[in-house]
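Written out below as structure tokens is the structure these notes cover.
The values are calculated or read from the model by the stated rules, or taken from the named source; none is laboratory data. Everything numeric in this text was worked out from a predicted model, so none of it was measured. Cβ atoms come from the backbone with ideal geometry, glycine included; neighbour counts cover every protein chain shown. Keep in mind that these areas ignore ligands, DNA and RNA; they rest on the heavy atoms of the full protein, side chains included. Shrake-Rupley method; radii C 1.70, N 1.55, O 1.52, S 1.80 Å.
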Amino acid sequence: MSEKIVVRDFNLYYGEKQALIDNNLIIERNKVTALIGPSGCGKSTFLRSINRMNDLIPGVRTSGTIEIDGQNIYGEEQDLVLLRKNVGMVFQQPNPFPLSIYDNIAYGPRIHGFNDKKKLDEIVETTLKQANLWEEVKDRLHTSALGLSGGQQQRLVIARVLAVQPDVILMDEPASALDPIATERLEELIDYLKKSYTIVIVTHNMQQAARVSDMTAFYLNGEIIEYTETNLLFTNPSDQRTEDYISGRFG
Amino acid sequence: MEAKENRERTDSLSESLKKPLPKILRAERRGRVLTYVSSWVLILILFSLIMFITSKGSSTFLDGEVQLANFFSTTWNPGEYQFGALSFILGSLIVSVCAALVSAPLGIGAAIFMTEIAPNWGRKILQPATEILVGIPSVVYGFIGLSVIVPFIRENVGGLGFGLLAGIIVLSIMILPTIVSVSVDTLQAVPNHIRQGSIALGATRWQTISRLLIRTSLPGLMTGVVLGMARAFGEALAVQMVIGNAPNLPFQLLEPMSTLTSVITLNMGNTVQGSAYQDVLWSMALVLLLMTLLFIVLIRWMTKRSDLSS
């Protein structure tokens, strides 16, 4: 067991409004960490802080540190391109680019200066296999990615993330637009991926958090109320508010 | 008592819901007649226009007044029955293609600035600016061209000032807003999560723009350019004021030349009805119409392709 991401006294403000309050969290390597909590509690905001996608929103300020492998990503010398290459992100809505399946996967390696055709072919095949999509699309790699189903698109996006060889993958409610069967396949994929990657997943679905994650953090109004092993959090929560939430009394 | 009243009310309501009131039916019919009539009037006007120009324009050749070979030659001397319009056709084409080539990078660049780089103040300043550019009447563009651009070229580049170069400059300014506004619409139609997906992979903003946004919105951007070209092709007044109006082939930047539109506007009033000279002008109008039709087909084809990709 080792520390991958260490969050210390992290605060985030949208203008005057404070969205994250004194977050402290240690995310472990090769584990799936779930963030749960009611809408607007800050879990997605926190997720987007880990690859600094919040920087794109005007008026965002932060304090405190988030360290990945010991390096503060909010430090002055942090290279955002490198950070986002190392910390991949899967969004709520599947967002394949309006390009071919092949070009979707090759996009990441290409922007990082990788143009060897043979190598790219190899990357496309291995990542699609990793994402459990290869068999379904191998005969139509050069057709538009928009022709895929929602579940296939989401797995394509995961393959696209894998193609730039990250070591952390952030997932923002990745199954919320998928049907139950596609969701199941996605969860199997997450389980497989955690062998090689550290995964942080935001979910609205508590059963999903219970199924896929090793650790769970419960967010409420920008604060981390409770953070512990998933089994423990769902069977024996130590905070009354956690219990109220997981038993469906609010949220 | 109250219950009974209630029941009566619901009874009368359900009665009236069973069959629509005659008043509603009449309004329905009136609305339908109105829209049918307007659309048929529109179609009728359009068709009679096309028929008129086609019959006028083709009768020149059908009557044997002027040979097709004569029309598509480069010798223009109406007094001697030499009606070669090829210089004008080429003139129209070259001046509009060149204007579009000048305008396209400028317009697309400005659109990228407005949507991707500085959406806030870029839009606040550039949006009204392009709208004003659209609103300026073409005679004003021509006048500015005549009194500023033509003398500038004469003094700094050479020649008379009137000619292809002046025409390209004036037209490229005129079609800039068309290209900008179509490009802005196209780029804004690209969903935000596409941009975010690219940034989250570690792409810089410029990589996202050049490798993803331009590529995915290329059909839309090209539509803007072709629309601009079509506008330049049909513009008469401003072009006629700066182009020099000499029947030369349009291959010299600084030589005076002519376009289809400038020849038609200059000579329409001076020709005798039914004369071969006037019929030739009609034939030029027909060529203009056909070329414009070609532009429209091109635009249709491009937008259809962009629909498929998004």
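Worth a mention:
- Of all residues in the range B:253-270, those that are free of Cβ contacts under 8 Å to residues at least 12 places away in the same chain and open to solvent by 60 Å² or more (accessible area, probe 1.4 Å) have Cβ atoms under 9 Å from Cβ atoms of residues that are of a type in the set (Ser, Thr, Tyr) and part of a helix (DSSP H, G or I), 6 or more apart or on another chain, in B:270/B:277.
- Here residue B:167 meets each of (1) open to solvent by less than 10 Å² (accessible area, probe 1.4 Å); (2) at the interface with another protein chain (Cβ under 9 Å from one of its Cβ atoms) with one exception, condition (2).
- Residue B:115 among the β-branched types (Val, Ile, Thr) and either open to solvent by 30 Å² or more (accessible area, probe 1.4 Å) or within 23 Å of residue B:231 (Cα to Cα) (or both): no
- For the range B:59-79, the criterion of being under 25 Å from residue B:246 (Cα atoms), of a type in the set (Asp, Glu), free of Cβ contacts under 8 Å to residues at least 12 places away in the same chain and out of contact with any strand residue (DSSP E or B) (no Cβ under 6 Å at 6 or more places or on another chain) is met by no residue.
- Restricted to helices (runs of 4 or more DSSP H) entirely inside the range A:121-203, those with at least 1 residues that are among the polar types (S, T, N, Q) and in contact (Cβ under 8 Å) with a residue 12 or more places away in the chain are A:150-162, A:180-193.
- When the range B:238-262 is filtered for residues that are of a type in the set (A, V, I, L, M, F, W, C) and more than 16 Å from residue B:143 (Cβ to Cβ), the ones remaining, listed by number, are B:246, B:249, B:251, B:253, B:254, B:257, B:260.
One line per residue, one yes/no per condition, for (1) more than 14 Å from every other protein chain (Cβ to nearest Cβ); (2) of a type in the set (Ser, Thr, Tyr); (3) within 30 Å of residue A:246 (Cβ to Cβ); (4) out of contact with any His (no Cβ under 9 Å at 6 or more places or on another chain):
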site: A:26; (1), (2), (3), (4): yes, no, yes, yes
site: A:58; (1), (2), (3), (4): no, no, no, yes
site: A:66; (1), (2), (3), (4): yes, no, yes, yes
site: A:81; (1), (2), (3), (4): no, no, no, no
site: A:96; (1), (2), (3), (4): no, no, no, yes
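- Qualifying positions in the range B:49-75 - open to solvent by 50 Å² or more (accessible area, probe 1.4 Å) and not in a helix (DSSP H, G or I): B:63, B:65, B:67, B:72, B:74, B:75
- Of the candidates A:81, A:60, A:32, the single residue that is modelled with pLDDT of 95 or more and either over 11 Å from residue A:7 (Cα atoms) or surrounded by fewer than 15 Cβ atoms within 10 Å (Cβ to Cβ) (or both) is A:32.
- Residue ranges of helices (runs of 4 or more DSSP H) in the range B:173-272 with at least 2 members over 30 Å from residue A:113 (Cα atoms) and modelled with pLDDT of 90 or more: B:218-234, B:237-242, B:260-267
- Residue match in the range B:184-195 (condition: open to solvent by less than 40 Å² (accessible area, probe 1.4 Å), touching a helix residue (DSSP H, G or I) at 6+ places or on another chain (Cβ under 6 Å), on the phi < 0 side of the Ramachandran plot and more than 14 Å from chain A (Cβ to nearest Cβ)): yes
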